[in-house]
C-alpha cells in the first residue's frame, strides 16, 4: 500500500504517511515512542486540522514570509545535524528546493493552528490555587512521575595558556597559510591532520554558516565573511583558540568555509593557578564575605552564565534542570552536596 486516508476533519485529510513520518521523526531525534504512538500522533494531527479549519474561518493572517523563515530555520537545523547540505540531500533523496516545497503545507498548517490556539487561550487566566485544586482531585497513583530537578550555579575559570604556547599556535597557522597559498597543501588535508576542532575535523574543517546565526563566535563570523572565495585569512584569535579560515564559496548570507583550529596547550602549572583562585573564591563564599551572584560577576569567565548569576539552564532556558541534562563530570561533583553547599574546585 502506497498511502491511504486515515482521518477526515471537515475538508482536511490525514494520511497514513503523515503518521508514519511523525513516528520516524521521533526516532531520528532520539525520542522514545510510547506504545500507543500511532494513536497519539493521529489524535494530534486531527487536533491540528480542527484548529486550521477554524483559523481559516476566522481569517487569521499568516504571512508567507513567516512560513519561509520557519522552513529556512528547520533546513539549517537539519544541515547542522547531518553536517552538510549535500549529506542532507543524500539522506532525504531530495534537493533543498524540493524539501522546502514539501514542508510548505505542513508548516503553514502548524502556523495557523498555533495562531488559532493562541487566540483561544489568550483570555484564559488560571491561578496557582486552581492548579492545585485540579491536581488534588486526581488519585495519587494516577499522577505522572517526573525526574527530580536541580537548580545549580557555577563559577568558571579557564586556565590561561602561556604566551609561548599561544605564539607556537600562531606560527604553526602562519606556516599552514603559506603552504596553502603556495599550493603545496590543500585545506582539506591540513584540517583533517592538524585541526583541534572535533566538530569539523572529520569533515576536513568544513562548516556551512549563515551570517545571522547566533551560535557562531562573532569574531569567527566577521573574519569569515570578510574573505573572498578561495582566500585564506591570517591567523586570528576567538574564544576557542587560534584559527585560519578559507572561504570555499558564498551566496549572500550563506557560506561554506574550511578552517583549522589550534588550541594552545595548558600545563599543570596554569591549571594549579586556576584551582587556587577558585579555592579562594570558595573560602569567601563559605565565610559569607561575598554572595554567589557577586562571585559570578567578579570571577566567572563563562559568558553564557554571567546573565543568570551563574545558574545552569536547560534548552528551554529554565534554571531547573534534570540530572540527565548535566555533564557526567558535573553529576559526580554535586552528588554529595546539600542545598547551599559548595563543591571543591574541579
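The values are calculated or read from the model by the stated rules, or taken from the named source; none is laboratory data. Here the structure is a predicted model, which is why all the values come from computation and not from measurement. Virtual Cβ from ideal backbone geometry, glycine too; neighbours counted across all protein chains shown.
Can you name the residue in the range 292-316 that is under 16 Å from residue 151 (Cβ atoms) and assigned to a helix (DSSP H, G or I) and is also modelled with the lowest pLDDT among such residues?
305
Against the conditions (1) over 30 Å from residue 308 (Cα atoms); (2) at pLDDT below 90, where does residue 214 fall short? Just the number, please.
Going through the list (1) over 30 Å from residue 308 (Cα atoms); (2) at pLDDT below 90, residue 214 breaks only (1).
If only one of 12, 4, 16, 49 is farther than 21 Å from residue 250 by Cα and loosely packed, with under 12 Cβ neighbours inside 10 Å, which one is it? Before you say what the answer is, go through the steps one by one.
On the way: 12 fails: loosely packed, with under 12 Cβ neighbours inside 10 Å; 16 fails: loosely packed, with under 12 Cβ neighbours inside 10 Å; 49 fails: loosely packed, with under 12 Cβ neighbours inside 10 Å.
After applying the criteria, what remains is 4.
Conditions tested, residue by residue: (1) free of Cβ contacts under 8 Å to residues at least 24 places away in the same chain; (2) under 18 Å from residue 83 (Cβ atoms); (3) in a helix (DSSP H, G or I).
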| site | (1), (2), (3) |
| --- | --- |
| 178 | yes, no, yes |
| 181 | no, no, yes |
| 190 | no, no, yes |
| 197 | no, yes, no |
| 208 | no, yes, no |
| 215 | yes, yes, no |
| 222 | yes, no, yes |
| 226 | yes, no, no |
| 234 | no, no, no |
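Collect the residues in the range 193-209 that are within 19 Å of the chain's Cα centre (by Cα) and surrounded by fewer than 17 Cβ atoms within 10 Å (Cβ to Cβ), keeping them in residue-number order. It would help to see each step written out before you state the result.
Step one: list which residues in the range 193-209 are within 19 Å of the chain's Cα centre (by Cα), which gives 197-200, 206-209.
Scanning the range 193-209 gives 198, 199.
Exactly one of (1) in contact with a strand residue (DSSP E or B) (Cβ under 9 Å, 6 or more places away or on another chain); (2) over 17 Å from residue 105 (Cβ atoms) is unmet by residue 35. Its number?
(1)
Is it the case that the range 303-315 has a residue that's outside the structural domain of residue 218 (by TED's automatic domain parsing), more than 24 Å from the chain's Cα centre (by Cα) and farther than 30 Å from residue 83 by Cα? Spell out the reasoning first.
Applying the first criterion (outside the structural domain of residue 218 (by TED's automatic domain parsing)) to the range 303-315 yields 303-315.
Subsequent filtering for residues that are more than 24 Å from the chain's Cα centre (by Cα) retains none.
Within the range 303-315, none of the residues are outside the structural domain of residue 218 (by TED's automatic domain parsing), more than 24 Å from the chain's Cα centre (by Cα) and farther than 30 Å from residue 83 by Cα.
Given the criterion more than 30 Å from residue 344 (Cα to Cα), without any contact (Cβ under 8 Å) to a residue 60 or more places away in the chain and not in a helix (DSSP H, G or I), identify the matching residue among 75, 91, 126.
Values: 75 fails: not in a helix (DSSP H, G or I); 91 fails: not in a helix (DSSP H, G or I).
Only one candidate qualifies: 126.
Test residue 233 against the criterion of being surrounded by 12 or more Cβ atoms within 10 Å (Cβ to Cβ), touching a strand residue (DSSP E or B) at 6+ places or on another chain (Cβ under 9 Å) and more than 20 Å from residue 251 (Cβ to Cβ), and give yes or no. Walk me through it before giving the result.
Working: surrounded by 12 or more Cβ atoms within 10 Å (Cβ to Cβ): yes; touching a strand residue (DSSP E or B) at 6+ places or on another chain (Cβ under 9 Å): yes; more than 20 Å from residue 251 (Cβ to Cβ): no.
The answer is no for residue 233.
Residue check, residue 319 against (1) in contact (Cβ under 8 Å) with a residue 60 or more places away in the chain; (2) under 20 Å from residue 148 (Cα atoms); (3) more than 30 Å from the chain's Cα centre (by Cα), all met but one. Which one?
The failed condition is (3).
Do the conditions hold for residue 138, that is, is it free of Cβ contacts under 8 Å to residues at least 40 places away in the same chain, surrounded by 10 or more Cβ atoms within 10 Å (Cβ to Cβ) and either in contact with a strand residue (DSSP E or B) (Cβ under 6 Å, 6 or more places away or on another chain) or in a loop (DSSP other than H, G, I, E, B) (or both)? If you could, list the steps in order and put the result at the bottom.
Numbers: free of Cβ contacts under 8 Å to residues at least 40 places away in the same chain: yes; surrounded by 10 or more Cβ atoms within 10 Å (Cβ to Cβ): yes; either in contact with a strand residue (DSSP E or B) (Cβ under 6 Å, 6 or more places away or on another chain) or in a loop (DSSP other than H, G, I, E, B) (or both): yes.
Judged against the criteria, residue 138 is a match.
Identify all residues within the range 1-17 that are out of contact with any helix residue (DSSP H, G or I) (no Cβ under 6 Å at 6 or more places or on another chain) and either assigned to a strand (DSSP E or B) or touching a residue at least 60 places away in the same chain (Cβ under 8 Å) (or both); write none if there are none. Quick ask: steps written out before the conclusion?
Kept after step one, since they are out of contact with any helix residue (DSSP H, G or I) (no Cβ under 6 Å at 6 or more places or on another chain), are these residues of the range 1-17: 1-2, 5, 8, 11, 13, 15-17.
Answer for the range 1-17, where residues must be out of contact with any helix residue (DSSP H, G or I) (no Cβ under 6 Å at 6 or more places or on another chain) and either assigned to a strand (DSSP E or B) or touching a residue at least 60 places away in the same chain (Cβ under 8 Å) (or both): 5, 8, 13, 15.
Going by the conditions given, is residue 173 modelled with pLDDT of 90 or more and either assigned by TED's automatic domain parsing to the domain that holds residue 298 or farther than 13 Å from residue 242 by Cβ (or both)?
On the way: modelled with pLDDT of 90 or more: yes; either assigned by TED's automatic domain parsing to the domain that holds residue 298 or farther than 13 Å from residue 242 by Cβ (or both): no.
So residue 173 does not fit the description; no.
Look at residue 27 and say whether it is closer than 23 Å to residue 14 by Cα, outside the structural domain of residue 198 (by TED's automatic domain parsing), part of a helix (DSSP H, G or I) and modelled with pLDDT under 85. Reasoning before the result, please.
On the way: closer than 23 Å to residue 14 by Cα: yes; outside the structural domain of residue 198 (by TED's automatic domain parsing): yes; part of a helix (DSSP H, G or I): yes; modelled with pLDDT under 85: yes.
Considered against the rule, which asks whether it is closer than 23 Å to residue 14 by Cα, outside the structural domain of residue 198 (by TED's automatic domain parsing), part of a helix (DSSP H, G or I) and modelled with pLDDT under 85, residue 27 comes out as yes.
Rundown of residues vs (1) under 30 Å from residue 224 (Cα atoms); (2) over 26 Å from the mean Cα position of the chain (by Cα); (3) touching a residue at least 24 places away in the same chain (Cβ under 8 Å); (4) in a helix (DSSP H, G or I), yes/no style:
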position: 258; (1), (2), (3), (4): yes, no, yes, no
position: 274; (1), (2), (3), (4): no, yes, yes, yes
position: 284; (1), (2), (3), (4): no, yes, no, yes
position: 290; (1), (2), (3), (4): no, yes, no, no
